[in-house]
Structure formats: structure tokens, C-alpha cells
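> Have a look at the structure that comes next, please.
The values are calculated or read from the model by the stated rules, or taken from the named source; none is laboratory data. Being a predicted model, the structure only gives us computed values, none of them experimental. Positions of Cβ are backbone-derived with ideal geometry, glycine not excepted, and every protein chain shown enters the neighbour counts.
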Amino acid sequence: MEKLTVKAFGIIAEKLPEQEFYFPQQQDTEELLNSLYDEYPDLRNMDFSLAVNQQLIQQNTRLRGNEEIALLPPFSGG
Amino acid sequence: MTRKPKNIFVEGPISSEKIAQSIQNHSAKTNIGAHSIFLGQVRADEKEGSVVSAIEYTAYEEMALLKAFEIREAIFEKYELTCMHIYHSLGEVKTGEICLFVFTSSKHREMAIDACEELVERIKNELPVWGKELLENQGEKWKVNT
């Protein structure tokens, strides 16, 4: 069965029970966000971007199966 | 020859020996007339009634390396550079230690300086890297880039 791999980073990782976990496959990133918000209400108040297979996305993006999703709070390297 | 993503991450602080060695490694490339170097150092900011003692860096490494490669290609395209090196720390770096080392080399100073500056800005804005400030009172605070 298809599933998503979700990886959380920075402060987001601290708000979730696990840094990396499987999540049921979703149709697109909007559906995914809503499902994540239902599962982890803490995320609603947090500022983060999504990456699908290591590419930052700016708009709703169709998911085809088994993607790697990353939850990325604002970057603070350097 | 096509370039491939290179590792940019160094565990812990970047030593002054590494920086010196990196400069030394370029002495054979005699078409270089200018190096520009940026060094980021961990600052002892006052935070929440305490003082930063170190920053602990984490990254989404696979994505950061892809992004660093993309930035690298764009900078090589835009400026006439002989070479370019990027090193970023992961893990704990104490105040006063170096966490970012960016090195550009060119025939003339203008290209080296401009490329270095743009590279540093893009690294800070676009690489999925996070710093957590560790405070002297054992507190922690996620760093915010300004």
C-alpha cells in the first residue's frame, strides 16, 4: 500500500511525537496539510513550508504515491 | 565535465587549520588573483535573561545538498569564478567558533567579493538548516535569521 514518509525538522520536530513517520497516502498537499492538522493540532499555529521529494512547494501539489514529505520551519543556518 | 553535489557539512566547528589548508590548496592555481572569504562565527547573544553558549545545527541534509548544488551552479553561471567552496557546521558549535566558511576565488577581486556575498545570502535564506541556541542557564531557543 502506498504511504507517505513525513520528516519534521527544527522546532516542528519538537512538537510532534516522532521526527520521522509514515502517514497514509493523500491526494495532494492540501489534503495532507488538513490531515496533519487533524492529527497534530499543534501544527496549526506553526509557521512551516512543505517540501515534496526534497523540492520546496509554493502551491497545492498533487501526490502520486510514496512521496517523502518534509515539514520545514523558517531556515536559520549560518 | 558535469559537477555533482558535494558534501558541504562538517561535524562541529570549522577549524582555523581547515581554513588555512583550504587557502594553501589554491597556491598552485596561479590564474587566481583574488580570494574572498566569509566566516560566520557563533555570537554570545543575550537571550531570555541568559547568554548563548553554543548553537546546535541540524539540517535536512539530502535537500540541503541539492539546494547548495543548485546555488553553486547559478553562482558559477553568473560570475567568472575559478573555484567556490562552502562548508557549514552540523551539531554543536560554541560561541567564538566558526560555523560557516564560504570561499570564492577569481582572477579579480570584484567577481570574488560579489559572488561570495551573494552565496552567503543565498545559503542563509535557502538552505534547510536550523540552529538551536543553547543558553548558559540550560535553556534553549530556536534561532531566527534576520
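> Checking the structure you have, find out if any residue of the range A:26-44 is in contact with a helix residue (DSSP H, G or I) (Cβ under 8 Å, 6 or more places away or on another chain) and either within 14 Å of chain B (Cβ to nearest Cβ) or touching a residue at least 40 places away in the same chain (Cβ under 8 Å) (or both).
no
> Is it the case that some residue within the range A:21-39 is out of contact with any Asp or Glu (no Cβ under 8 Å at 6 or more places or on another chain), at pLDDT below 95, buried (at least 18 other Cβ atoms within 10 Å of the Cβ) and outside any strand (DSSP E or B)?
no
> Determine which single condition A:Val6 fails, assuming it passes every other condition in (1) under 29 Å from B:His88 (Cβ atoms); (2) touching a Leu at 6+ places or on another chain (Cβ under 9 Å); (3) without any contact (Cβ under 8 Å) to a residue 12 or more places away in the chain.
A:Val6 satisfies all of (1) under 29 Å from B:His88 (Cβ atoms); (2) touching a Leu at 6+ places or on another chain (Cβ under 9 Å); (3) without any contact (Cβ under 8 Å) to a residue 12 or more places away in the chain except (3).
> Under the condition of being facing another protein chain (nearest Cβ under 8 Å) and outside any loop (DSSP other than H, G, I, E, B), which residue from the range A:57-76 is farthest from A:Met1 (Cα to Cα)?
Per the criteria, the residue is A:Leu72.
Let's see how each residue does on (1) within 9 Å of chain A (Cβ to nearest Cβ); (2) farther than 30 Å from A:Glu67 by Cα:
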residue	(1), (2)
B:Ser53	no, yes
B:Glu62	yes, no
B:Glu73	no, no
B:Phe76	no, yes
B:Tyr79	no, yes
B:Leu90	no, no
B:Thr95	no, yes
B:Val120	yes, yes
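> Then there is this: Are there any pairs, at least 6 apart or on different chains, whose C-beta atoms fall under 6 Å, with the first in the range B:105-124 and closer than 22 Å to B:Asn31 by Cα and of a type outside the set (Gly, Ala, Ser) and the second modelled with pLDDT of 95 or more and buried (at least 20 other Cβ atoms within 10 Å of the Cβ), and if so, which?
B:Ile113/B:Ser36; B:Cys116/B:Ser36; B:Cys116/B:Val102; B:Cys116/B:Thr104; B:Leu119/B:Val102
> Kindly indicate the residue of the range B:122-144 that is at the interface with chain A (Cβ under 9 Å from one of its Cβ atoms) and more than 21 Å from B:Gly12 (Cβ to Cβ) and also surrounded by the fewest Cβ atoms within 10 Å (Cβ to Cβ) among those meeting that condition.
That would be B:Val144.
> Right, something else. For the range A:9-20, give me each residue that is part of a strand (DSSP E or B) and either touching a residue at least 40 places away in the same chain (Cβ under 8 Å) or surrounded by 17 or more Cβ atoms within 10 Å (Cβ to Cβ) (or both).
Scanning the range A:9-20 gives no hits.
> For the range B:52-98, enumerate the residues that are within 20 Å of B:Ile113 (Cα to Cα) and part of a strand (DSSP E or B).
B:Cys83, B:Met84, B:His85, B:Ile86, B:Tyr87, B:His88, B:Ile98
> Right, something else. If B:Ala20 meets every condition in (1) within 14 Å of chain A (Cβ to nearest Cβ); (2) over 20 Å from A:Phe75 (Cβ atoms) apart from one, which number is that one?
(1)
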